[in-house]
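Laboratory data are not the source of any read-out in this text; all were calculated from the coordinates shown. Keep in mind that what you see is a predicted model, and the values were worked out from it rather than measured. Quick reminder, even Gly has a Cβ in these numbers, built from the backbone with ideal geometry, and neighbours come from all protein chains shown.
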Amino acid sequence: MPQMNSWIQDFEKVYPNIQVTYNGVGSGAGINNFRQGAYDIGATDAPIPSNLYANISQAKGGIIEIPDIVGAEGIIYNIPGFNQSEYGPLNLTADVLAKIYLGQIQYWDDPAIQQLNPHFKFPHQPIIVVHRSDASGTTYVFTLWLYKSSSAWRSSGVGYGFTVNWPVDQTGRGLGGKGNPGVTELVKSNAYSIGYVEFQYAIANNITMASVQNPSTGQFLQPTTQTVLSAVSSVNLNSLPSPTSDISNMTGLLLNVNASGAYPIVTFSYLVIQKNYSDFNKAAAIYIFLHWVYTQGMNQSVILTGYLPLPTNVRQYVLNALNQITYNGQPVYTLLGGVQ
Amino acid sequence: MNAKRAKLEKSYLFFLPGALALTIIVISLFVFLFVNALPAFYYAGKYVPEFLPAIYGTAVVTTVAVLLAIPLSIGLTIFIAELSPKAVRDVLINISDLMAAFPTVVYGLWGLTELGPFLKSTLFAFINRYLGFLPVFSGTPTGVSYLLASMVLAVMISPFASSLIREIYLQVPRSLDEGVYALGLGRWEVVRIRLGFIKRGIAGALALAFGRAVGETVAVAMTVGGVVAINKSLLSPGITIPAYIANLFGEAFSTVDVASFFMLSLILLGIGTAFLAAARLFILSEQREVRTYGKA
């Protein structure tokens, strides 16, 4: 995540004695390397799934999972001749996207797509459907959103997860790309293709995104800072689950928010850390770094375009969680004398 | 004499550890894979649907790559050995050695961003249009595909196969040529007879190339399409064993999942070893034959 790199750079200017290294891997690898002790802080686009939570929490002697930033997912496409300035944004619904990824809608001139975009005459071209080939939180959020929003997806039995068995792959029209760059490259190089990527990645690379219908309101919206903010600011975030428990059901919290102007596929990304440490310096460094991230790091000037800082009540919730980081059972927060 | 022997024994002491260490590492690698794969044998049935596409893709991509490499490598060999002037020959040999040493990620990037999109709108579209009635060329060409991965692989292994074939080809005694010329036959026949003479050596070289291709990871992962499915069309995307492992290994969580990756690695190592052994047998027997002929 580019935001993490940017945080680290700013943080090390203030605390040159604390060195933080970030390794940009998929969420699955992030969690796995954290579990095996290669990483002190695991970053993931979706919380640790319920079926793994107990195992990982036990292996680490208790963990703390906390949201760190607000992001969204955009649908990118490559349709020669379809020009947004002329025909408006490409309109899509969850049901249409589900049926495209299920392999049921095969051609761009399918009545379901044509009906949503009456101003453009779609050619009779097969749809090339791009997804992630690595295990990814982006896939988790996208499939969870399809699951929540489309009865076609629910009845298909595909479900949701870091990886799923995409039915469209069996038709020869599915493609897998590694990471956001891999998906983007495949969409760019294949005419009549479609894919999903992180909103921030699409913004940074200047890629046009489709307008997606929020099933709660019926509105078609493109992801923008404004439409993502509308979603976050309309959710009641006052009673979040305990950060030391399985928080996997938090993923759905920001999806399909019922508020005017709210983009449907909005999500937190998360950090996961060990709760107790036997190395005081490490415990202190992690505490100080994360404390900085959730205070100065949340200033709008530090946040990259395409992400949004956490709302203030969520920030407070996380800062309280950080007080639970302990060194041999004693809170690091008090050992440090409540600095900052 | 004694001093010489003592020296020899000393040098044993010097070189033995290296040889021993390598042998132990190779054996322990097998043992390590096997032990780690054990839980997966127990659950093997559960993972068959996941594995089959990878095994199928590996077989298809590698076989097609070797088939494509046959004309490429033999052509290059004959051109270097028989047709090109000395100056050109040296340049060609250097270029082909350089190609064999290129980092594979370079081939992968080239395949993904240049060759794939280009072939998709030209060759693949053409084949699909006129031969699409055949299942192996049906479907929607997607650029990245079994065929693209095979072509990138063929380009990668041909210089290697060619240098092996060249070595054997040049071992055929020139007296054979004289006999052919004496019969009033021309250069073309000489080449044909020489090639016929070393056909087992060529098979061995290609088996070695196969062994190399079967384990290629980066370049194939980037060009095969990253899709866990069995597609009958060569123009469709799929997955191979190394690409599957590279894409998903870091993400494995439960012990059974990890074990299944080790089992796949073991299968891959098995295939690679079998081909290496076959190649050894072919090439050895060829060299023996050529040498016997030279002596007679």
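Brief remarks follow.
- Distance (nanometres) between label positions extended 7 Å along Cα→Cβ at A:Thr312 and B:Leu98: 6.4
- Length added when fully stretched, B:Leu38-B:Leu22, from 0.36 nm per residue minus Cα-Cα: 3.3 nm
- Lys/Arg +1, Asp/Glu -1 at C-beta; the protein assembly as shown dipole; positive extreme among A:Asn281, A:Thr251, B:Thr63: B:Thr63
- Top of B:Arg187, B:Arg89, B:Arg129 by mean-square fluctuation, Gaussian network on chain B, Cα under 10 Å: B:Arg187
- Global geometry of the protein assembly as shown, whether rounded, prolate or oblate, following the gyration tensor of its Cα atoms and the 1.5 cut on a/c: oblate
- Peptides A:90-102, A:116-128, B:225-237 ranked from most to least packed give B:225-237, A:90-102, A:116-128, packing being the mean of other C-beta atoms within 10 angstrom over each peptide's residues.
- Farthest towards the positive end of the charge dipole of the stretch B:51-291, among the residues B:Pro237, B:Val91, B:Leu147, is the Cα of B:Val91, using unit charges on the Cβ of Lys, Arg, Asp and Glu.
- Efficiency of FRET from Cβ geometry, A:Thr225 and A:Asn5, R₀ 22 Å, rounded to 0.05: 0.65
- Nearest-0.05 FRET efficiency for A:Val14 and A:Ala259, computed from C-beta distance (R0 35 Å): 0.45
- In a simple Cβ point-charge model (Lys, Arg +1; Asp, Glu -1; nothing else charged), the protein assembly as shown has a dipole of about 1820 debye relative to its Cα centre.
- Label separation (B:Leu281 vs B:Phe118): 4.1 nm, computed from points 7 Å beyond Cα along the C-beta direction.
- Length-normalised contact order for chain A - Cα pairs under 8 Å, 6+ apart - percent: 25
- Cβ-Cβ distance of A:Ser278 and A:Gln58, R₀ of 22 Å, FRET efficiency by 1/(1 + (r/R0)^6): the value works out to about 0.85.
- Total charge dipole magnitude, the stretch B:51-291, about the Cα centre, Cβ charges on Lys, Arg, Asp, Glu only, Debye to nearest 20: 480
- The alpha-carbon of A:Lys148 sits under 23 angstrom from the alpha-carbons of these lysines, leaving out residues fewer than 8 places away in its chain: A:Lys99.
- Structure remark: mean-square fluctuation, Gaussian network model of chain B, C-alpha springs under 10 Å; the largest value among B:Leu115, B:Leu208, B:Leu131 belongs to B:Leu131.
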